[in-house]
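Working notes, structure below.
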Amino acid sequence: MNSRPGTSPTVAEPDWADLRSNFPILEKKTYLNNCAYGALATDVTNALQRYVRDRQEKGTDWAYWVERNDSVRNAVAGFLGADPNEIAVTASASAGINSVASALNFNQARKKVVISDFEFPTNAQIWYAQELRGAKVVRVPEKDGYIPVEHFEAAIDDETLIVAVTQICFRNGARLDIPALAEIARRKGALFLMDGYQVFGTVEFDVHRAGVDFAVGGTLKYLLGTAGIGFLYVREPLIENLVPTATGWFAQSDIFALDTTGYNPSSTARRFEMGTPPVPNCYAAEAGLQILKDVGLPAIEHRIGELTAAIKAEARKAGYSLAVPDDPDRHGAMITIRTHDEHALVGILENQGVVTSSRSGNLRISPHFYNNEDDIDSLFRALREQKHLLV
Ligand SMILES: Cc1ncc(COP(=O)(O)O)c(C=O)c1O
């Protein structure tokens, strides 16, 4: 948990070349854009085709589809070290954050929401929207591409209701020390929500050991599923006292009671779900999560650590300016390099078959376990010809 990628010495080495063959795009492209969307595995393609076949052959099969939804819940719980009753399967990270926000009362002494400059837009916008319901948002600024723990210590106080921060910044890849931040929130009597979207699937992470109250993520990036499905972890003792007002029939205690006379939320984290589950996406998510389970997170963490270290070394050798902190304890799977024109650079690379992305002027290079040193060579060969676009 929160250990440094690439430092685990006891991990048995999987057959990376063989695992790579599950991802057809890697034969055609240098795909280094997992921070935006994971590569599509043949296993996931097959799962999506199975959904289509099930529709064609069985028509409607709600019992089986609810099972698929529960299977995603169980798999996510396994990955996070949580109990399945602590997991809501949602349509997005936004849906999970909104559901938690809807259960909070801001009309009291504790009304502050502490976020940071590193948030993905949704985890800022949703909390600013709560200002219409009485919340007061405080934003902890970044300094030179990082936010030290002490700056959160100063911002979190006895008026803070919830601290809601991302673990890895989607713009520069900087990684915050979530267990340390969760400890500050706990000590000061505030709730703590983490956005783990850019970290889940890249390292072992245990929500209980990290001491977080809520965690949100989704399957389209490093978890190898697809868009349109996410999840929310809620620490068990909190569930019964949090009653979401953004709700739906899949949040009810008995979904198929179809009761229209009242609101009877589930006693588990399912109370944070809403309407009809994203059934096709459940098939994809199940298959993606199974790949990660088979490879094993310790091995994945180790491999990503090797690849990110190699990317930083190549960038340094070429004299490029890293936008991400160099310290491996302060970044995740995404390495960023400063550019003069991010869109021109990403477009040129794309035309050469190298898939990356950019944010806030930074080129984002984000390997997964299926990338290799040849991918890194191809990227830096292409970058050498575009030196004028790099800072
Ligand atoms: C850190 C982070 N949080 C959240 C999201 C996506 O949120 P949602 O599932 O609400 O679209 C992303 C996607 O890029 C992200 O990088």
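Each residue in region 96-109 was checked for being more than 17 Å from VAL199 (Cβ to Cβ) and buried (at least 24 other Cβ atoms within 10 Å of the Cβ), and 2 pass. Taken over region 281-322, residues that are under 20 Å from the mean Cα position of the chain (by Cα) and of a type outside the set (Phe, Trp, Tyr) amount to 26. The residue list ARG139, ARG171 contains one member that is within 16 Å of the ligand (Cβ to nearest atom), among the basic types (Lys, Arg), over 30 Å from LYS293 (Cα atoms) and touching a residue at least 12 places away in the same chain (Cβ under 8 Å), which is ARG139. Somewhere in region 42-58, is a residue surrounded by 14 or more Cβ atoms within 10 Å (Cβ to Cβ), touching a Gly at 6+ places or on another chain (Cβ under 7 Å) and either modelled with pLDDT of 95 or more or aromatic (Phe, Trp, Tyr) (or both)? There is at least one residue in region 42-58 that is surrounded by 14 or more Cβ atoms within 10 Å (Cβ to Cβ), touching a Gly at 6+ places or on another chain (Cβ under 7 Å) and either modelled with pLDDT of 95 or more or aromatic (Phe, Trp, Tyr) (or both).
For region 328-348, which residues satisfy the criterion of being more than 21 Å from TYR222 (Cβ to Cβ) and not basic (Lys, Arg)?
Selection gives THR339, HIS340, ASP341, GLU342, HIS343, ALA344, LEU345, GLY347, ILE348.
When only residues in region 128-145 that are assigned to a helix (DSSP H, G or I) and open to solvent by less than 60 Å² (accessible area, probe 1.4 Å) count, which is nearest to LEU104 (Cα to Cα)? Looking at the filtered set, the residue picked out is GLN130.
When region 84-112 is filtered for residues that are of a type in the set (Ser, Thr, Tyr) and either in contact with a strand residue (DSSP E or B) (Cβ under 9 Å, 6 or more places away or on another chain) or within 13 Å of the ligand (Cβ to nearest atom) (or both), the ones remaining, listed by number, are THR90, SER92, SER94, SER99.
How many of the residues making up region 216-242 are away from the ligand (no atom under 11 Å from the Cβ) and open to solvent by less than 30 Å² (accessible area, probe 1.4 Å)?
Here is the first cut: in region 216-242, the ones away from the ligand (no atom under 11 Å from the Cβ) are 223-226, 233-242.
Subsequent filtering for residues that are open to solvent by less than 30 Å² (accessible area, probe 1.4 Å) retains 223-226, 233-234, 239, 242.
Final tally of qualifying residues: 8.
For region 256-273, the set of residues classified as touching a Pro at 6+ places or on another chain (Cβ under 9 Å) and aliphatic (A, V, I, L, M) consists of ALA269 only. Please enumerate the residues belonging to region 331-351 that are more than 15 Å from GLU314 (Cα to Cα) and crowded, with 17+ Cβ neighbours inside 10 Å. Selection gives HIS331, GLY332, ALA333, THR339, GLU342, LEU345, VAL346, LEU349.
Of all residues in region 155-200, those satisfying the criterion of being assigned to a loop (DSSP other than H, G, I, E, B), in contact with a Ser or Thr (Cβ under 6 Å, 6 or more places away or on another chain) and either of a type in the set (Val, Ile, Thr) or within 29 Å of ALA285 (Cβ to Cβ) (or both) are ARG171, ASN172, GLY173. Among the conditions (1) in contact with a Leu (Cβ under 6 Å, 6 or more places away or on another chain); (2) surrounded by fewer than 19 Cβ atoms within 10 Å (Cβ to Cβ), the only one that ALA75 does not satisfy is (2).
Considering only residues that are part of a helix (DSSP H, G or I) and acidic (Asp, Glu), which ones fall in region 224-247?
Of all residues in region 224-247, those part of a helix (DSSP H, G or I) come to 236-239.
If the condition is that a residue be part of a helix (DSSP H, G or I) and acidic (Asp, Glu), then GLU236 is the only one that fits.
On the stretch given as region 248-270, residues that are in a loop (DSSP other than H, G, I, E, B) and either under 18 Å from ASP83 (Cα atoms) or of a type in the set (Ser, Thr, Tyr) (or both) total 7.
The values are calculated or read from the model by the stated rules, or taken from the named source; none is laboratory data. All values reported here derive from a predicted model rather than from experimental measurement. Every residue, glycine as well, gets a Cβ built from its backbone with ideal geometry; the counts of neighbours run over all protein chains shown. Ligands, DNA and RNA are stripped out before the accessible areas are found, and what is left, the full protein with its side chains, is counted by its heavy atoms. Shrake-Rupley method; radii C 1.70, N 1.55, O 1.52, S 1.80 Å.
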